[in-house]
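A.B. asks: Before I ask anything, here is the structure I am working with.
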Amino acid sequence: MCRIALLLIAATALSAQDAAVGLRLSAVAPMGELRDLTGGQFGFGLAGFVSIPIGRGLVLRPMVGALLIPKGNTQEQVATKTSVSSVDLMVEGLWFPDEDPERGAYLLGAIGGQQWRVNSTGTAPATLSTTRIGASAGLGYLFGAHLGFEVRAIWSPIEQNLTATGVTLGVTVKF
């Protein structure tokens, strides 16, 4: 965690007064293999970020976050419940077509590392912990300098037969 804190502090120092610290709270709807594994349970995510304008409607956002999908009935495995969680260290890029990083619509993309943990209990107990690359892409809208809304698709290959995919709806707040 010290390295993450140092990374965020260094990113803030690079852009001096233009950087802003923020939080994102999101709801997660798992899809595909992840939905089958968790019984379609909805999850949630929480992330902290530093928003760094780099010019011409472009913003860089180093981010650290977590995602949790609570235990749900695993499809095709009677009496087995599985939960999935991740800790994320990502770099997000935002592009505001109107070149105003304080207001309006934007496109976003992210890439980084994700530490996944899959925990199953019941008739087929198992635990898997692995680090993989993850990516997301989506759209957002910044209502003013401090409040925004985002929808994004997420993707990360947890293991050979399990890929984390889903859609998130999130609210961002910059301080």
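A.B. asks: Within the stretch 117-149, whose backbone N sits under 20 Å from a point 7 Å along Cα→Cβ of Arg103?
C.D. replies: 140-149
A.B. asks: Quick one: in the stretch 49-115, what % of C-alpha pairs are over 13 Å apart? Could you put the intermediate results ahead of the total?
C.D. replies: On the way: 1539 of 2211 pairs.
When all Cα pairs of the stretch 49-115 are counted, 70 percent exceed 13 Å.
A.B. asks: What is the angle, in °, between the Cα long axis of helix 2-15 and the longest principal axis of the Cα atoms in the chain? Nearest 10 is fine, range 0 to 90.
C.D. replies: Once rounded, the angle reads 30 degrees.
A.B. asks: One-quarter of the Cα convex hull surface for the chain, in nm²? Don't skip to the end; give the middle numbers.
C.D. replies: Numbers: hull surface 38.7 nm².
The number I arrive at for the chain is 9.7 nm².
A.B. asks: While we're on this one: So what is the calculated 222 nm ellipticity per residue for the chain, using -39500 (n - 2.57) for each DSSP H run with n of 4 or more, over all residues, to the nearest 500 deg cm²/dmol?
C.D. replies: Numbers: 2 runs with 21 residues, N = 175.
Here the helix-only value at 222 nm equals -3500 deg cm²/dmol.
A.B. asks: Find the Rg to Rh ratio for the stretch 59-159, where Rh is the Kirkwood radius over alpha-carbon pairs and Rg uses the same atoms.
C.D. replies: Values: Rg = 17.2 Å, Rh = 15.4 Å.
With Rg and the Kirkwood Rh in hand, the quotient comes to 1.12.
A.B. asks: Please give me, ordered by residue number, the trypsin sites (Lys or Arg not before Pro) of the stretch 61-141 that lie in loop per DSSP and have at most 15 other Cβ atoms within 10 Å.
C.D. replies: Values: sites: Lys71, Lys81, Arg103, Arg117, Arg132; in loops: Arg103.
When the trypsin sites (Lys or Arg not before Pro) of the stretch 61-141 are filtered for loop state and at most 15 Cβ neighbours within 10 Å, Arg103 remain.
Computed from the coordinates by the stated procedures, all read-outs in this text should not be read as laboratory data. None of the values given here were measured: they were computed from a predicted structure. Note that each Cβ is placed from the backbone with ideal geometry, even for glycine, and that neighbours are counted across all protein chains shown.
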